[in-house]
Amino acid sequence: LATVLVKGVGKGVLGDEKEINLDYRNGKYYMIDDSRNGVKIKTYDASDVPEIDFISKYFLPGDIMYDKDDVLDEEIYKSAVDAHKYAGYVYDYYKNNFGRNSIDDKGMDIISSVHYGNNLSNAFWNGEQMVYGDGDGKTSAPLTGALDIVGHEMTHGVTAYEAGLEYQGQSGALNESFSDVFGTLIEFEYQPEKADYLCGEDVWTPNIKGDALRDLQDPGSDKAYSKQPSYMKDYVNTTDDHGGVHINSGIPNKAAYLVINSIGPKKTGQIYYRALTTYLTNKSNFYDARLALLQSAEDIYGKDSKEYRAVENAFDSVGIK
Ligand SMILES: CCCCC[C@H](S)C(=O)N[C@@H](Cc1ccccc1)C(=O)N[C@@H](C)C(=O)O
Ligand SMILES: [Zn+2]
């Protein structure tokens, strides 16, 4: 039986309706679409996947999702609709801005699993795919409802194929920061009407307005559920959290905010992408990131440019020098 690509309609986590591409086959509408020059975006249901070593690969991705009609507005599809739609936005962002063809730049399929774990208020890249929890309704709503989270997780994939920043200490904090930065840049590109410097604001503590998990503009602000340092002098040495990768990412995050605020999200994306794919390596630390971003700014805009100076001033400001 032929598989036909059809335009369906889905309802996202926040109740918003959006068009999604579906594959119609044999009376069922599947969330598998290759509407991006052969790259398939495939979304699965991990409800029955055991939450074993947290980042389990043995049972993922779970069950392929399908509906009997092309209107996916039932509760169980909401998280999948956003995972599916937002993975497409992230693909488009990397393709349109940098010519990158998917996570590996070789056109690999983009696989997401939703409903993972038990009310898990987290999401992750497991080395092969993106995995999302449903949240507990208090700490968070289902995490795919935030485009910056989908951008965060898919950027971990890009980082893994490029710099390969090791997930601990300073390289791990850089890994986390690049995911937050691109999550934010993607939000500016695809949701400009509500773009901000907050991370996860669309799903974090749904009963509290205006807060988020992290804040790039002011990592220690009251808006941020997770208070982070903004300056190198306040770097936290800890063995928790892989050496504080979600704590110390506040320092490069603050620098990135200063760059974006100075030269805008498009130019910042060009500089950060070049650093991630050309200069950073698996053991790069914060100072290496300063050098990589300065070199990238020089390559693209020249040494005596306002873009170069924006990066220099930002890293000076947070004490990475
Ligand atoms: C090794 C296991 C941990 C994986 C952590 C994943 S990549 C992660 O960083 N997830 C994000 C989700 C996110 C992203 C943006 C905004 C909000 C929430 C994260 O920050 N997780 C926090 C809760 C954490 O793991 O501490
Ligand atoms: Zn992460």
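Quick look at the values:
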| item | result |
| --- | --- |
| Options Tyr86, Tyr91: the member that is within 16 Å of ligand 2 (Cβ to nearest atom) and either modelled with pLDDT of 95 or more or buried (at least 16 other Cβ atoms within 10 Å of the Cβ) (or both) | Tyr86 |
| Strands (runs of 3 or more DSSP E) within region 1-69 that include 1 or more residues at pLDDT below 90 and touching a helix residue (DSSP H, G or I) at 6+ places or on another chain (Cβ under 6 Å) | 32-36 |
| Residues (within 11 Å of ligand 2 (Cβ to nearest atom) and touching a helix residue (DSSP H, G or I) at 6+ places or on another chain (Cβ under 8 Å)) located in region 166-177 | Tyr167, Gly172, Ala173, Asn175, Ser177 |
| Tally, over region 161-181, of residues that are in a helix (DSSP H, G or I) and out of contact with any Asp or Glu (no Cβ under 9 Å at 6 or more places or on another chain) | 6 |
| Pick from region 144-158, criterion over 8 Å from the mean Cα position of the chain (by Cα) and not β-branched (Val, Ile, Thr), ranking: nearest to ligand 1 (Cβ to nearest atom) | Ala146 |
| Residues satisfying the stated conditions in region 108-125, i.e. open to solvent by 20 Å² or more (accessible area, probe 1.4 Å) and either within 16 Å of ligand 2 (Cβ to nearest atom) or assigned to a loop (DSSP other than H, G, I, E, B) (or both) | Met108, Asp109, Gly117, Asn118, Asn119, Leu120, Ser121, Asn122, Trp125 |
| Hits in region 273-290 (condition: free of Cβ contacts under 8 Å to residues at least 40 places away in the same chain and either part of a loop (DSSP other than H, G, I, E, B) or loosely packed, with under 15 Cβ neighbours inside 10 Å (or both)) | Thr278, Tyr287 |
| Qualifying position, being of a type outside the set (Phe, Trp, Tyr) and in contact with a Phe, Trp or Tyr (Cβ under 9 Å, 6 or more places away or on another chain), among Ala212, Ala224 | Ala212 |
| Which listed residue, of Glu162, Glu128, Glu153, is within 16 Å of ligand 2 (Cβ to nearest atom), surrounded by fewer than 17 Cβ atoms within 10 Å (Cβ to Cβ), charged (D, E, K, R) and not assigned by TED's automatic domain parsing to the domain that holds Val259 | Glu128 |
| Residue among Tyr161, Tyr190, Tyr197, Tyr167 that alone is within 11 Å of ligand 1 (Cβ to nearest atom) and in contact (Cβ under 8 Å) with a residue 40 or more places away in the chain | Tyr167 |
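The values are calculated or read from the model by the stated rules, or taken from the named source; none is laboratory data. Owing to the predicted nature of the structure, the values given are computational and were not obtained by experimental measurement. All Cβ positions, even for glycine, are placed from backbone atoms using ideal geometry, and neighbour counts span all protein chains on display. Surface accessibility is based on the protein's heavy atoms, side chains included, excluding ligands, DNA and RNA. Shrake-Rupley method; radii C 1.70, N 1.55, O 1.52, S 1.80 Å.
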